[in-house]
Structure formats: C-alpha cells, structure tokens
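*Asks:* After the structure tokens below, expect a handful of questions from me.
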Amino acid sequence: MRAARLTALVLTAGIVLGATVAADERSAALRLEGYRAIYNLDYDRADDLFRQAIAADPGDHAAYRGAAAATWQRVLFLRGTLLVDDYAGHTRSTKLVPMPPPPPALATAFHRDLDRAVALAEKAVDRHYNDAAPHAGLGAALGLYVWFGSSVEARTWDPGRKARRAFYESQLAHTLDPARTDVGLVLGTYRYMLSGLPGTVRFLASIIGFKGGRAEGLRLLEAAAASPGDLQEEAQFRLVLIYTRDGRHADAVKVIREMERTHPGNRLLLLEEACALLRNQQAAEAETLLDEGIARLGQETRPLMVGEEGRWRWKRGMARLLTGNLDGAEEDLKRALAASGVRDWVLARIRIEFGKLADVRGNRPKAEEEYRAALAIATRLGDKQAVSEATRFLAQPFARQAAQAQVFCP
C-alpha cells in the first residue's frame, strides 16, 4: 500500500512538473512572437499574443512585462516619437516642451500589467533568490517603469527609486550567472549613461549603488542586442541610439539592417536606415531607400505613425538636396511642411532645409528668411542644435559641396 501511494505521488508530481514546463515553454514562445509583432508595428496582434502567454502561464512575470512593453510602444507610435531622431539632438534642449498625456486607457493598461509583472517577479525572487532569472526579470520590469516615465510621462525624477532597484537586480542576476546577456539592456544602458555625466554626479550615483563605465556599458548592451530573447529588440534600438550619439553611423546601419531582416513588416526601419546613411554622408543610398519607403507608405493599409508622412518627406527632401535634385527636394519639403502631425522641432529643420535650397539656387534673401523662421521656432523650443545650425547658415551661406562632409541630421 505504501509503495502504491509513493508511486502515485511520484506520478502526480511528474504530471504537475510536466504541465508547468509545458506552460513555461508555451508562454515563452508566445512572448517571442509578441515582441516580434511589436517591432513589426502590429500592436493589436502583439497584445493578443501576450494575453495568450498570460493565459498559458498566469504566473509568468515576463508575459505581463511584454504586455506592458506593447502598450508603451503603441503610445510612442500614437505620439509620433518612435524613431532615434526623437531621442537625439533636439532632445538636449534648454526647455521642457510638454507633450499631451497618453490615452488614459493605455496608461492604465500599462501600469496594471507592469505592476503585476513586478509583483510576480518579486515573488519569484523570494522563492528562488539564488536563481539569476527572477532577478533579471525584476530588473527588466523595473527598468521599463523608468523608460516609460522618461519617454512618455516626461519624468526627470525617479519615484520609488525604481532605476536604482532595476540596476541592483540586474547586477545581481549578472553576478549569479555571468553568461546571461539579457541583463545588458539595463546594466549597459545605465553604465553608459552614467559615464557621460559630470564627475560629481557619477560619484553621488556610485554612493547609492550605480556604477558607470562607457566601454563596459557598451559591451553589455551589444551582447544583449546580439542575443535572441524578449529584450533583444529594445537593446538593438538602444544600441542604434548610442551609436548615433557617438557618430558610429555605419555601425548603426548594420544593427538596423539586422532588425529589418527579422522585422520585414516595419517600414519605419527603412526610415531609420536612411537617416543613418544621411549621417554617414551616403545621400544617394539614402534617397534610394526613401523612394522605396515612400512607395510602401502609399500602399500601407495600417495606421501611420503621427507625423510620419512629414518625416519621410523631410528626409527625402534632405537627400535630394544633397544629390542635386533641387526640384524634387522642393516638392518633398513642401509636402513635409503641409503634412499633418508634424512636430515643431521637425518644422524648424524643414525650414533649415528650405534655407539651404534657396542658398543653392542663389536666392540669399529667401534663404535668410527661412533660417530666421527656423531660428524663431528653435529658440522657442530651446532646441540648441537647431539654433546653432540656423545661426551658422545666417552667418555663412550653405554650400552643397561642402555639406557632403557634414550632414545636419539629428
């Protein structure tokens, strides 16, 4: 009798364990599909896949984190702030330009899902403290809180010290399992960012637990971007942003092209690649890509990102100006100016391109008028980059040949 009971217990435990493993595997597979859908601009499908993952394994904190990430990316798309340009150059302004709040339903969904992800990850950490995985999951969830706060809610402070905890949990996961690469999203981002801050700030940050290091931060982020998994796409985007800020535009192009290969439904990646090519002084190649992208735009049945048409036309106008297609550049810039949803920092740059076009055509009074219009917008925004560029061209006319060596593209 005792042997029979023992046998029954072992069989029951085996069945439960097998069901748990199957649920974990099913949820993980659905999560990967969900992230792939996010970065193919298919937000409805992404949300559905993450809901399926949650149903398959209600205790999977990573599935809830994925659902929150899908909502975050949808909010950025609806705002028109999904591109590297939105986080480079003009963002280093002297004034905080308010953005409209996210749709209440989406903000509520984001916080509901991420709160649940953190709660489940906390429980997993308590149960398996010496396992790296729950610490990595908790760090990734807390990191998403911080990124949503900075990119959507325009918070420059960190309520609840979530950034510090995200760094700590990710660092602990890395210590427990040095082979993990996904922790590089959080660790690499913070280490790199801290390395660029003044020494006093870095010292104070180290006191509360943050550690900087530019080379190490970049290495960690590159490893995360190269490793398939839930956080790969976020790491790839972060890496493109850092390469852009560091002037490593050819390296940015390589990462974007890899993302294009795995996310063929994301037309915005063509726009990202074109701008990286413009920064890398490859205007002709950029123009070819922009031709392809604008053709795709005309056949697109899905919603466009807010201000998207204006961004495509502005970039092609810039490329055409550099390749000498002046009439084509003028047409694109006019259409960019008339497009709906174009943000003010983009308008300032469109005006600068109109000024360049007038300079190339020998119409200096018109050029000065456009540069002054750009300067007025940029000054109001506190956009130091555009102020500098407009001021420079007011003092010295734009010359297309000289511009091949230094393209103004944020």
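The values are calculated or read from the model by the stated rules, or taken from the named source; none is laboratory data. Just so it is clear, the structure is predicted and the values come from calculations on it, not from any experiment. Cβ: placed from backbone, ideal geometry, glycine included. Neighbour counts: every protein chain shown. With ligands, DNA and RNA removed, areas are computed over all heavy atoms of the protein, side chains included. Shrake-Rupley method; radii C 1.70, N 1.55, O 1.52, S 1.80 Å.
*Asks:* Scan the stretch 318-330 for residues that are in contact (Cβ under 8 Å) with a residue 12 or more places away in the chain and charged (D, E, K, R) and jot them down.
*Replies:* Answer for the stretch 318-330, where residues must be in contact (Cβ under 8 Å) with a residue 12 or more places away in the chain and charged (D, E, K, R): 320, 330.
For (1) under 29 Å from the mean Cα position of the chain (by Cα); (2) modelled with pLDDT of 95 or more; (3) farther than 23 Å from residue 283 by Cα, each residue gets a yes or a no:
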site: 355; (1), (2), (3): no, yes, no
site: 363; (1), (2), (3): no, yes, yes
site: 370; (1), (2), (3): no, yes, no
site: 375; (1), (2), (3): yes, yes, yes
site: 393; (1), (2), (3): no, yes, no
site: 407; (1), (2), (3): yes, no, no
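*Asks:* Give the residue that is farthest from residue 74 (Cα to Cα), with candidates limited to residues of the stretch 123-163 that are surrounded by fewer than 14 Cβ atoms within 10 Å (Cβ to Cβ) and touching a Leu at 6+ places or on another chain (Cβ under 7 Å).
*Replies:* Across the stretch 123-163, the extreme among qualifying residues is 130.
*Asks:* A further question on this structure: Out of curiosity, is residue 183 under 18 Å from the mean Cα position of the chain (by Cα) and open to solvent by less than 10 Å² (accessible area, probe 1.4 Å)? If you could, list the steps in order and put the result at the bottom.
*Replies:* Numbers: under 18 Å from the mean Cα position of the chain (by Cα): yes; open to solvent by less than 10 Å² (accessible area, probe 1.4 Å): yes.
Taking the combined requirement at face value, the residue satisfies it.
*Asks:* Oh, and also: Going through 251, 230 one at a time, which residue ends up being among the acidic types (Asp, Glu), part of a loop (DSSP other than H, G, I, E, B) and either modelled with pLDDT of 95 or more or closer than 26 Å to residue 66 by Cα (or both)?
*Replies:* Numbers: 251 fails: part of a loop (DSSP other than H, G, I, E, B).
Just a single option satisfies the conditions, and that option is 230.
*Asks:* Tell me whether the stretch 255-263 contains one or more residues that are touching a Ser or Thr at 6+ places or on another chain (Cβ under 8 Å) and either among the hydrophobic types (A, V, I, L, M, F, W, C) or open to solvent by 10 Å² or more (accessible area, probe 1.4 Å) (or both). Please lay out each step first, then the result.
*Replies:* Going through the stretch 255-263, the residues touching a Ser or Thr at 6+ places or on another chain (Cβ under 8 Å) turn out to be none.
No, that holds for no residue.
*Asks:* I need every pair where a residue in the stretch 344-363 that is more than 23 Å from residue 79 (Cβ to Cβ) has its Cβ under 6 Å from the Cβ of a residue that is open to solvent by 50 Å² or more (accessible area, probe 1.4 Å) and not in a helix (DSSP H, G or I), sequence separation at least 6 or different chains.
*Replies:* Going by the 6 Å Cβ cut-off, the qualifying pairs are 359/397.
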